[in-house]
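Enquirer: Sharing a structure below in structure tokens format, with a few things to ask.
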Amino acid sequence: MTGLRTRPGQTAIGARLARKEDPRLLRGAGRFGADRSAPGQVWARIVRSPVAHGRLRSVSTSRASAAAGVLAVVTAADLPGRLEIPVRLDVQGIDLSSYLQPVLAAGVVRYVGEPLAVVVATDPYLAEDAAELVDVDIDEAPAVLDAAAAAGPGSPRLFPGGNVAADFTLGYGDVAAAFARADHVVETEVRIGRHGAVPLEPRTLLAEPDPVSGGLSIYGMTKVPVFNRDLLARLLGMDETMIHVHAVDAGGGFGARGEFYPEDYLVPWLARTLRRPVKWVEDRAEHLVAVNHSRQQAHRLAAAFDAAGRLLGLRAEVVHDNGAYCRTHGIIVPELTLAMLPGPYRVPAYRGRVQVVLTSKTPCGTYRAPGRFEGSAAREQLLDVAASQLGIDRVELRRRNLLTADELPCQRAMNTLGTDVVLDAGDYPGLLAIAAAEADRLGYPAEVSRGRQHGRRRGLGVAAFLEKSGLGPQETADVVVSGTGAVHVYSGGTSLGQGIETVLAQIAADALGVDPAVVSVVNGDTDRQPFGGGSWASRSTVVAGSAVHAAARAVRDRATEVAARMLEASAGDLVSEHGAVSVRGDPAAQVTLAEIARATAPASRYLLPGEPAGLSARRRFEVTHMTYPYGVHIAVVDVDPGTGRVEVLRYLVAYEVGRAINPTLVEGQLRGGAVQGIGGALLEEFCYDDAGQPQSATFMDYRMPTAAEVPPIDVLVTQDAPAPGNPLGVRGAGEGGVSAAGAVLASAVRDALGLVGSVGRLPLTAARVQELASSGGGR
């Protein structure tokens with residue numbers, strides 16, 4: 001079931017257009033990283049640590065170097081100096097330089113899968129065989145696996161300075177006073193398990209050197225190609241304009257794919273060193289131990305309420321397991337956890353503290369809704385427990401404490417992602433009421449009642465959440481109209497499967513008054529758009545879309561000026577529509593955009609002295625504050641207490657998007673996010689044994705949701721609160737489907753089992769649900 005509350009006056013914006021990307025993808029004409037090859041290319045294979053923690057005595061390459069087809073075997077000693085990957089996102093001014101990951105380990109290994117060497121051969125299978133011949137001698141040390149214990153003084157140390165990379169607090173108001181005057185204090189603990197993005201396509205990279213210019217062509221970098229280009233240039237000692245990162249199709253990203261990893265340096269460095277193209281394709285086993293993990297946190301929360309059940313204050317103590325190093329994301333996930341933990345609620349006083357602890361596990365980074373999935377799960381469990389203890393209905397308790405439309409904008413004295421937290425606009429209680437009414441209409445409560453009448457352990461879950469989107473600081477876009485009337489958009493966003501080509505085409509078409517079919521979009525090509533910020537943090541539509549909108553409007557204004565000269569009319573009397581500019585009231589007096597573009601050629605009589613040729617514009621859209629979407633998830637589950645199996649029967653996502661550029665794509669984003677959230681809430685978890693060996697290194701052990709575990713996802717998209725911070729009024733939709741999935745399914749399972757406390761831990765695997773069913777208490 002799909003519902004959409006529409007806005008009047010929508011043209012290309014708001015239309016349910018088919019994705020422009022789909023014809024090539026459905027016909028097998030997509031060009032993914034592994035599809036790219038170059039004449040004379042050779043293949044790289046990474047040698048990874050088999051040990052979780054220890055002193056690296058030696059890496060012997062003699063046997064591998066003598067193997068058939070091998071061209072080079074490289075260790076840290078062969079690289080220029082000590083190379084470490086810097087942090088892309090600074091957090092709270094905290095220095096993380098002591099905890100950065102080296103490109104290749106030297107001296108110490110800190111997790112299974114850490115790169116130790118790289119083998120290059122003429123064939124991928126020869127490279128893989130030769131990698132097995134690299135002899136690694138490691139003096140094994142105790143693995144550091146429990147983050148809370150690792151923060152203590154008696155734990156083995158991964159780094160000389162200890163295992164705590166950061167320890168900081170965010171908050172506002174007088175929390176001590178709030179708790180002192182509280183009529184009720186409710187406490188709970190919730191742990192979130194370690195899982196990750198696991199996109200359909202693992203990483204790939206092809207680096208091709210130019211023997212004439214000395215430049216490099218790179219295929220496979222996604223997400224933040226301009227940042228990656230600039231960082232690579234600095235590490236290689238090159239001018240950044242000599243590196244061309246080409247646009248590629250990508251089989252998903254979700255925050256993990258496209259960051260700068262050790263391989264993103266090694267492959268281009270090898271290509272320059274060997275003076276021939278080098279290709280690397282990651283297999284799934286590598287991916288599960290090499291690419292950023294996410295989520296693992298332990299929360300201890302306390303809420304202070306007055307006698308009427310209104311929140312007075314909130315306290316949070318969070319331990320974040322960041323794995324072995326601080327990678328490019330730095331510690332942005334724990335920062336977002338704290339900054340977003342109060343959610344959409346009226347919280348007069350708040351204090352959150354987080355310890356970011358390093359352990360002998362694959363390093364962590366962002367994964368779709370980083371910090372919000374974790375924080376929402378913990379906060380909403382706290383509210384469910386509070387509702388039970390206070391004797392107030394769960395929905396009513398939320399309604400009493402949600403910020404109202406009159407209380408927005410609401411500034412919280414905190415900073416995250418370099419911006420102040422200012423909740424911009426919305427009607428949080430209104431959306432809760434709409435979602436509850438929609439669930440009633442669809443029969444969710446009735447389904448729970450029917451199941452219970454037949455002796456089923458059936459439960460209803462509800463969760464409200466706050467999102468963030470549209471992170472800056474900027475995005476740049478070029479819009480060009482050619483002499484044929486075709487419109488070309490060059491955006492700094494990147495295509496990760498989210499439909500950005502379609503959305504940006506609709507925005508440009510709407511601003512120019514043309515058919516979206518004549519608009520082509522190129523994303524993520526650093527030569528076509530050298531100033532792009534990339535696609536992450538649900539920013540593509542908000543920031544890249546606003547830049548395209550501004551550039552297209554500038555082209556439209558210029559077209560109007562030139563058309564006025566061509567038609568000998570006043571610019572104020574002209575209208576732009578259907579790919580032409582005409583005199584208002586006299587459609588026969590018109591010139592097409594193609595004719596206008598040709599009239600702006602050099603030496604044209606329609607150009608004024610000193611006026612640049614061409615019908616094009618580049619515009620930069622800058623962001624000072626993010627926009628804050630919000631939503632509600634409601635779910636129905638069946639729990640079998642004997643087997644511990646949780647079956648999701650119904651699932652509703654209600655979400656305020658501000659303005660839906662393409663409603664079908666918004667709904668698809670929300671459904672896809674919900675599926676990933678179901679996986680994280682019930683199935684997916686990276687586990688380790690006592691020696692730090694990964695126990696989830698294949699899809700036999702790392703359980704992904706399939707069609708059997710996912711019900712039809714009901715979606716209700718509202719457009720009642722356009723975002724005030726951008727000209728389109730849009731809010732990001734990429735993460736709203738996953739943000740509250742852990743929260744709502746924990747709520748539903750708790751309801752089904754009749755728990756007194758919280759569910760305690762996600763994911764709710766069969767064994768954990770069995771334990772909860774037998775104990776009946778929760779935490």
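The values are calculated or read from the model by the stated rules, or taken from the named source; none is laboratory data. Since we're looking at a predicted model, the values are computed, not measured. FYI the Cβ positions are ideal-geometry reconstructions off the backbone, even for glycines, and counts take in every protein chain you see. Side chains are part of the model used for accessible areas, which takes the heavy atoms of the whole protein and leaves out ligands, DNA and RNA. Shrake-Rupley method; radii C 1.70, N 1.55, O 1.52, S 1.80 Å.
Enquirer: With the contact rule set at Cα under 8 Å and sequence spacing of 6 or more, what percent relative contact order holds for segment 509-590? Spell out each step's value before the answer.
Expert: Working: 66 pairs, mean separation 25.6, N = 82.
Relative contact order for segment 509-590 comes out at 31 percent.
Enquirer: From the protein chains alone at 1.4 Å, what is the descending order of accessible area for ARG31, ARG761, ARG598, largest first? Before the final figure, lay out each step's value.
Expert: On the way: ARG31 105, ARG761 75, ARG598 135 Å².
Result of the area sort, largest leading: ARG598, ARG31, ARG761.
Enquirer: Report relative contact order for the chain in percent, whole number only (criteria: Cα-Cα under 8 Å, sequence separation at least 6).
Expert: 17
Enquirer: Something else: Write down the accessible area per residue of segment 240-287 in Å², having rolled a 1.4 Å probe over the full set of protein chains. Before the final figure, lay out the partial values.
Expert: Working: 1390 Å² over 48 residues.
Accessible area per residue, segment 240-287: 29 Å².
Enquirer: How large is the direction-averaged shadow of the alpha-carbon convex hull of segment 475-562, in nm²?
Expert: Mean projected area of the Cα convex hull: 5.3 nm².
Enquirer: Using a Förster radius of 51 Å, what is the FRET efficiency between THR706 and LEU608 based on their Cβ-Cβ separation? Nearest 0.05, please.
Expert: Working: r = 63 Å, r/R0 = 1.24.
Efficiency computed from Cβ-Cβ geometry: 0.20.
Enquirer: Let me ask something else. To the nearest 10 square angstrom, how much accessible area does MET221 have with a 1.4 angstrom probe?
Expert: 10
Enquirer: Let me check I've understood the local charge: for GLU374, count other residues with C-beta under 10 angstrom from its C-beta, Lys and Arg +1, Asp and Glu -1. What total comes out? The partial results should precede the final answer.
Expert: On the way: positive: ARG191, ARG295, ARG372, ARG379; negative: none.
So the environment of GLU374 carries a net charge of +4.
Enquirer: With Cβ to Cβ distances under 11 Å as the rule, what net charge do the other residues near ARG645 carry (K, R +1; D, E -1)?
Expert: Values: positive: ARG457; negative: ASP638, ASP640, GLU647, GLU709.
Value of the local net charge: -3.
Enquirer: Just order 53-63, 514-524 by mean Cβ neighbour count inside 10 Å, highest at the front, would you? Don't skip to the answer; put the middle values down first.
Expert: Details: 53-63: 16.6, 514-524: 21.5.
Packing order, densest peptide first, comes out as 514-524, 53-63.
Enquirer: When you count, for each residue, the other Cβ atoms within 10 Å and take the mean per peptide, how do 18-25, 404-411 rank with the highest first?
Expert: Details: 18-25: 14.9, 404-411: 13.2.
By packing density, highest mean first, the sequence is 18-25, 404-411.
Enquirer: Given R₀ = 30 Å, FRET efficiency for ALA691-SER775 by Cβ-Cβ distance, to 0.05?
Expert: Here the calculated transfer efficiency is 0.50.
Enquirer: Give a quick list of chymotrypsin sites (Phe, Trp or Tyr not before Pro) in segment 504-608 that DSSP marks as loop, anything other than H, G, I, E or B, with at most 14 other Cβ atoms within 10 Å.
Expert: Nothing satisfies the criteria.
Enquirer: Next question. At 20 °C and 1.002 mPa s, grab the translational diffusion coefficient of segment 523-640 from Stokes-Einstein with a Kirkwood Rh over Cα pairs, rounded to a whole number in µm² per second. Write down the numbers at each step before the final one.
Expert: On the way: Rh = 17.6 Å.
Once the numbers are plugged in, D ends up at 122 µm²/s.
Enquirer: Still on this structure: Based on the Cα atoms of segment 112-174, what semi-axes does the equivalent ellipsoid have, where each is the square root of 5 times one gyration tensor eigenvalue, given in whole Å with the largest first?
Expert: Details: eigenvalues 318, 62, 15 Å².
Ellipsoid half-lengths, sorted descending, are 40, 18, 9 Å.
Enquirer: Follow-up. Give the residue list of GluC sites (Glu not before Pro) in segment 552-623 that are DSSP loop and have at most 15 other beta-carbon atoms within 10 angstrom. All intermediate terms of the calculation are to be shown ahead of the outcome.
Expert: On the way: sites: GLU561, GLU568, GLU577, GLU595, GLU622; in loops: GLU568.
In loop regions of segment 552-623 (DSSP not H, G, I, E or B), the sparsely surrounded GluC sites (Glu not before Pro) are GLU568.
Enquirer: Let me make sure I get this right: for segment 637-733, a, b and c are the square roots of the gyration tensor eigenvalues over alpha carbons, sorted descending. Under 1.5 in a/c it's rounded, otherwise prolate if a/b > b/c, else oblate. Which is it?
Expert: Details: a/c = 3.28, a/b = 1.89, b/c = 1.74.
Here segment 637-733 falls in the prolate category.
Enquirer: Which order do the peptides 455-461, 248-254, 157-163 come out in when sorted by mean C-beta neighbours inside 10 angstrom, highest first? Write down the numbers at each step before the final one.
Expert: Details: 455-461: 20.0, 248-254: 22.1, 157-163: 15.4.
Highest mean packing first, the order is 248-254, 455-461, 157-163.
Enquirer: Let me check the size of segment 41-192 from its C-alpha atoms; what are the radius of gyration and Dmax in Å?
Expert: Calculated on Cα positions, Rg and Dmax stand at 22.1, 76 Å.
Enquirer: Related question: May I ask for the net charge around GLU21, where only other residues with Cβ less than 12 Å from the Cβ of GLU21 are counted and Lys, Arg are +1 while Asp, Glu are -1? Let's see the in-between values first.
Expert: Working: positive: ARG19, LYS20, ARG24, ARG27, ARG31; negative: ASP22, ASP249, GLU501.
For residues surrounding GLU21, the net value is +2.
Enquirer: Related question: Take the alpha carbon gyration tensor of segment 150-292, find the square roots of its eigenvalues, order them as a ≥ b ≥ c, and report rounded if a/c is under 1.5; if not, report prolate when a/b exceeds b/c, else oblate.
Expert: It comes out prolate by the Cα gyration axes.
Enquirer: Over all directions, how big on average is the projection of the convex hull of the alpha-carbon atoms in segment 683-779, in square nanometres? Mind dumping the intermediate values first?
Expert: Numbers: hull surface 40.8 nm².
The Cα convex hull of segment 683-779, projected and averaged over all directions, gives 10.2 nm².
Enquirer: While we're on this one: If I model a spin label at ARG346 and GLN41 as a point 7 Å from the Cα along the Cα→Cβ vector, what separation in nanometres do I get?
Expert: Output for this residue pair reads 6.0 nm.
Enquirer: Hey, with R₀ at 51 Å, roughly what FRET efficiency would VAL756 and ARG24 work out to, going by the Cβ-Cβ distance, to 0.05?
Expert: Values: r = 55 Å, r/R0 = 1.07.
The calculated FRET efficiency here is 0.40.
Enquirer: Let me ask you something else. With the other protein chains left in place, how much accessible area per residue, in square angstrom, belongs to segment 704-779 at a 1.4 angstrom probe? Don't jump to the answer; show the numbers that get you there.
Expert: Numbers: 2280 Å² over 76 residues.
On a per-residue basis, segment 704-779 sits at 30 Å².
Enquirer: I'd like the carbon and sulfur percentage of the solvent accessible area for the chain, probe radius 1.4 Å, heavy atoms only, ligands and nucleic acids excluded.
Expert: Numbers: 13960 of 27590 Å².
C and S atoms contribute 51 percent here.
Enquirer: Please report, for the Cα atoms of segment 246-341, the Rg to one decimal and the Dmax as a whole number; what are they, in angstrom?
Expert: Rg and Dmax of segment 246-341, Cα atoms, are 20.6, 74 Å.
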